[in-house]
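Here is the structure we will look at, set down as structure tokens.
The values are calculated or read from the model by the stated rules, or taken from the named source; none is laboratory data. Note that the coordinates shown come from a computational prediction; the quantities given were computed from them, not determined experimentally. Note: ideal-geometry Cβ built from the backbone for every residue, glycine included; neighbour counts use all protein chains shown. Areas reflect the complete protein model, heavy atoms only, side chains present, ligands, DNA and RNA absent. Shrake-Rupley method; radii C 1.70, N 1.55, O 1.52, S 1.80 Å.
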Amino acid sequence: MNKYSKTLAIGEHMCYTCGEHQFRYGRKKVQSVKIQQEMTLMEKLSILTDAAKYDVACTSSGTDRRGNKKDMGNCLAAGLCHTFAADGRCVSLLKILFTNECIFNCAYCQNNCNSDVPRASFTPEEVCTLTMEFYRRNYIEGLFLSSGILISPGYTMELIYQTICRLRNVYHFNGYIHVKAIPGADPALIQKTGFLADRMSINLELPTADGLKKLAPCKSRNTILRPMRQIQNSIAENKNELVVYRKAPQFVPAGQSTQMIIGATPESDFQIMSVAEALYHNFDLKRVFYSAFINVHPDADLPVLPGGPPLLREHRLYQADWLLRYYHFTVDELLSEDRPDFNIYLDPKCDWALRHLDFFPVEINRASRRTLLRVPGIGYKSAERIVKARRTCCLDFSDLKKIGVVLKRALYFITCSGKMMYNTKIDEDYICSCLMADRTQIPREIREGGYRQISLFDSATPGESAVTQEELIRSEAVAGA
Amino acid sequence: MWTFGGQGETGRMCALRGGVFMYIFICEDSLEGIFTGVYDACASRLGHRNIHLASGEPENYELFSEYIRVTPSAEKTQKVVSTLISRFGRQFYESICQAAMSGERRSRKKMDKADAIYETILLALACGDGQKVLLSLGEPCVYRVFELCRATNREACQHLQFLRFSELENGVLFATIHPKDHILPLLAEHFSDRLPAENFMIYDAPHRLAAVHKASGGYALADAGELDHDKIKRYSGDELEYRKLWLAFFDHIAIDSRRNPALQMQMIPKRYWADTPELSRF
Ligand code: SF4
């Protein structure tokens, strides 16, 4: 028995560490819980995977850890995806909830205390065996453990901690672990967990405090940002410690991330990206994830999105997010109060370039790396290669092609030794129509992803359902020209 | 001046200078074969301009060429390897190896693998800085090495992701793969680090090779011609249980309203499906 158990109001026995017997949770307190006795592991896994799938963060990146020659597991900085589910999303980690019982009532969540879904809870033992057995078969890269709020935030965090602790210290698992920090839990508990996990995350859920108040009344900005700050500070302290003493235990070495739901509340892209930018700057987050809102159950407070989840919007936000993290863009450059949303037809970088034609053309053989990064069609890898390769010789267009520059996008914006690739008009409307003719502006997976995105175009030209998407994009381009 | 040959412009089209024939060193398509070829070509003193390497028998033999067959030699290979590492560093050596491991089919349109490696090494020897040479993608041979290297890397990386072990009756973890390139050593390296306490075996079916790892020991590559195909189908008691759990997880993790088979197919190419339990069902 440890000190945390004393703080719990429920007088159940709960020896987490022995794992011998099933837990008995204070089920009477949780409403609408259907208790299925003797649930099989298969049933539990199905329920708790279903319950976890809307969390989008599933990367296993950020830590480089060699094996230690005796325990199972290592980590690759770039992360690995082990398979791709029917929705095309990567499966990297065993993404499950510890339990989907929850005392909170977040409107957007299928696990909230008012919804009528089958409930289940794992035992730490079960989570550990699943992780170990899946990992050694190379199904997964590690564990992503989240949880509904069972009894209290502190109680839940304790369960998560006990599970991870067991996995690391009893099973000696050395692979990747991502856990949720539960807002409102004891900071000491979050601290202990952080020394066992590779990544921790606390979901911001909604971009503004107002949205949060409306849709997740049990949560507040404060309870979310406080542990986020705590983890940030501990990571910074730990880094200093590691400088002095290399063998010191690592605290959340892969950094922390968060997630926002897009489209459940009326925020603009500008508001969302400004929040993301602030999170990167003020909280040193590694990643902000954006999750297109999916209406899982009817609720008067939630919008009904007839076109299904706003996938293209989500895609544009991710593109912009990359521009912030790797391309030295600021949100103010991309959006403003007057232009609060991204152009759905053009990616944010092309869009920016078109509005700043005076910045171009850029001379490939002279421009700084930062300047190169601003050119549509030049990614950060190609920019790196250009800078290195031009030290030895003067680059021309065929070299750029080999380096991996997407010339059909870049050609309007660059010169090689003073010459452009073709003699093109440098005219906003003209270039815009050329760029829009390029189908990759809207990724194939979204174009072909089913009925939802079609409806996006349907609404642009009502009554013309027979036209193909490409024609639509073309006609838009011409209309814009 | 007239040209002869006909194996494509990058590889073979060379002027016949003053009656000098081309010398073509035919190497075995393996690291040892190619490195021995490089060694022999350099040692032959026939003049680099008159030499080409070929990673396998040519499709048709040229009249004005002399063909020299290279017998792979561990000793010569070792000499080349140590020269490459000591003069140009590990990274250069690894890039060359990855290019050599590529299983890309030889084609008339593209420069021969062995030839590209040979010429790249010559460039590095002339310039003295291997890293710099690898960046001069304007050189056809370097670009070819870069291409091959990138392809092998991608292949290896995808196998790290999509390879699946099954537990056999005797507790050994067994995986079958069908790679295009000779990436087995890279995989064995990775999994030895990851699963040090497991006995495992990765079977590269098209190359008929296996990597065998012993718990808390190293791994070895072995010829898998004699593989007992019945034994590898006898799974342990738990195996099917965990496989079923994995399939359940896989099915439940997808979000229905985002269903997107095209994207799935793009991310995990069809040729991997047969070797993964979750996709071989479809
Ligand atoms: S706290 Fe809110 S979001 Fe989390 S499981 Fe409970 S209801 Fe869902």
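Within the shell defined by Cβ-Cβ distances under 15 Å, the residues around A:Leu196 carry a net charge of +3, with Lys and Arg each +1 and Asp and Glu each -1.
The separation of region B:40-86 from region A:216-233, counted between C-alpha centres, amounts to 66 Å. What the phi angles of region A:413-429 give under the Karplus curve with 6.51, -1.76 and 1.60, with θ = phi - 60°, is a coupling list of 10, 10, 10, 10, 6, x, 10, 7, 5, 10, 7, 9, 6, 9, 9, 4, 5 Hz, glycine and proline written as x. In degrees, nearest 10, range 0 to 90: what is the angle between the Cα axis of helix B:184-194 and the longest Cα principal axis of chain B? Between the helix axis and the principal axis of chain B, the angle is about 40 degrees. Given springs between every Cα pair under 10 Å in a Gaussian network model of chain B, which of B:Ala262, B:Ala220, B:Ala124 has the largest fluctuation? Of B:Ala262, B:Ala220, B:Ala124, the most mobile in the Gaussian network model is B:Ala262. Region B:142-200 and region A:148-175 have Cα centres lying 32 Å from one another. Among beta bridges identified by DSSP and lying wholly in region B:147-282, the antiparallel ones come to about 70 percent. When the Gaussian network model of chain B links Cα atoms closer than 10 Å, the mean-square fluctuations of B:Asp223, B:Asp29, B:Asp115 top out at B:Asp223. If the Kirkwood radius is taken over C-alpha pairs of region A:224-343, then at 25 °C and 0.890 mPa s the Stokes-Einstein diffusion coefficient equals 151 µm²/s. Using alpha carbons only, how many degrees (0 to 90, rounded to 10) separate the axis of helix B:239-253 from the longest principal axis of chain B? Compared with the principal axis, the helix lies near 80 degrees.
A quarter of the convex hull surface defined by the alpha-carbon atoms of region A:166-259 gives 6.6 nm² as the mean projection.
Averaging the sequence gap over all C-alpha pairs within less than 8 Å and six or more residues apart, then dividing by the number of residues, gives chain B a relative contact order of 13 percent. Taken over the C-alpha atoms, the protein assembly as shown has Rg and Dmax values of 29.2, 99 angstrom.
Short-range pairs are left out: with C-alpha atoms under 8 Å and at least six residues apart, the relative contact order of region B:9-155 is 26 percent. Buried surface between chains B and A: roughly 5300 Å² of accessible area, summed over both sides, computed with a 1.4 Å probe on protein heavy atoms only. Estimated purely from DSSP H runs of n ≥ 4, each contributing -39500 (n - 2.57), the mean residue ellipticity at 222 nm for the protein assembly as shown is -12500 deg cm²/dmol once divided by its residues.
Ranked by the mean number of other Cβ atoms within 10 Å of their residues, highest first, the peptides A:109-117, B:83-91 come out as A:109-117, B:83-91. Each of B:Cys127, B:Gln91, B:Ala116 was placed along the dipole of region B:9-155 (beta-carbon charges, centred on the mean Cα), and the one lying farthest toward the positive end is B:Cys127. With K and R counted +1 and D and E -1, the other residues having a Cβ less than 15 Å from that of A:His328 yield a net charge of 0.
The mean count of C-beta atoms from other chains within 10 Å of the C-beta of residues in B:261-270, rounded to a whole number, is 6. By DSSP, the beta bridges lying fully in the protein assembly as shown are antiparallel in about 35 percent of cases.
Phi-derived couplings, Karplus 6.51 cos²θ - 1.76 cosθ + 1.60 at θ = phi - 60°, listed residue by residue for region A:235-243: 4, 4, 4, 4, 4, 4, 4, 5, 5 Hz, with x used for Gly and Pro.
Compute the signed sum of charges (Lys and Arg +1, Asp and Glu -1) over the other residues within less than 15 Å, Cβ to Cβ, of B:Val212. Counting the neighbours of B:Val212, the net charge comes to -3.
Taking the Kirkwood radius as Rh and the Cα radius of gyration as Rg, region A:34-128 has a ratio of Rg/Rh equal to 1.04.
With the highest mean first, a sort of the peptides A:330-341, B:38-49 on other beta-carbon atoms found within 10 angstrom per residue produces B:38-49, A:330-341. Which residue fluctuates the most in chain B, going by a Gaussian network model with Cα springs under 10 Å, if the choices are B:Glu66, B:Glu226, B:Glu94? Residue with maximal mean-square fluctuation among B:Glu66, B:Glu226, B:Glu94: B:Glu226. Which parts of region B:22-49 would a label at B:Arg87 reach, counting a residue when its backbone N lies under 12 Å from a point 7 Å out along Cα-to-Cβ? Answer for this model: B:39, B:42-43. Put simply, region B:9-155 fits an ellipsoid with semi-axes of 22, 17, 16 Å; these come from the alpha carbon gyration tensor as the roots of five times its eigenvalues, largest first. Computed over protein heavy atoms with a 1.4 angstrom probe, the accessible surface ordering of A:Thr440, A:Thr123, A:Thr59, largest first, is A:Thr440, A:Thr59, A:Thr123. The HN-Hα couplings worked out from phi for region B:125-138 by the Karplus form 6.51 cos²θ - 1.76 cosθ + 1.60 (θ = phi - 60°) are 5, 6, 8, x, 10, x, 4, 5, 4, 4, 8, 7, 5, x Hz, whole numbers, x standing for Gly and Pro.
The base-10 log of I(q)/I(0) for region A:100-139, evaluated at q = 0.27 Å⁻¹, reads -0.80 [Debye formula, identical scatterers on Cα atoms, solvent excluded].
What the Cβ-Cβ distance of A:Trp322 and B:His48 gives, at R0 = 51 Å and to the nearest 0.05, is a FRET efficiency of 0.65. Expressed as a whole percent, the accessible surface of region B:163-275 that belongs to carbon and sulfur atoms is 53, based on a 1.4 Å probe.
Classify region B:147-282 as rounded, prolate or oblate, taking a ≥ b ≥ c as the square roots of the eigenvalues of its Cα gyration tensor: rounded when a/c is under 1.5, otherwise prolate if a/b is larger than b/c and oblate if not. Oblate, since a/c reaches 1.5 and b/c is not below a/b.
Counting, for every residue in A:157-168, the Cβ atoms of other protein chains within 10 Å of its Cβ and taking the mean gives 0. Taken about its Cα centre, chain B carries a charge dipole of about 760 debye when Lys and Arg each add +1 at the Cβ and Asp and Glu each add -1 at the Cβ. Among the residues of A:59-71, the average count of other protein chain beta-carbon atoms within 10 Å of the residue beta-carbon is 2. On a per residue basis, the convex hull of the C-alpha atoms belonging to chain B measures out at 172 Å³.
Value of Rg to Rh for region A:375-439, rounded to two decimals, is 0.99; Kirkwood radius and Rg both from alpha-carbon coordinates.
Take region B:163-275 with all the other protein chains still there, run a 1.4 Å probe, and you get 46 Å² of accessible area per residue.
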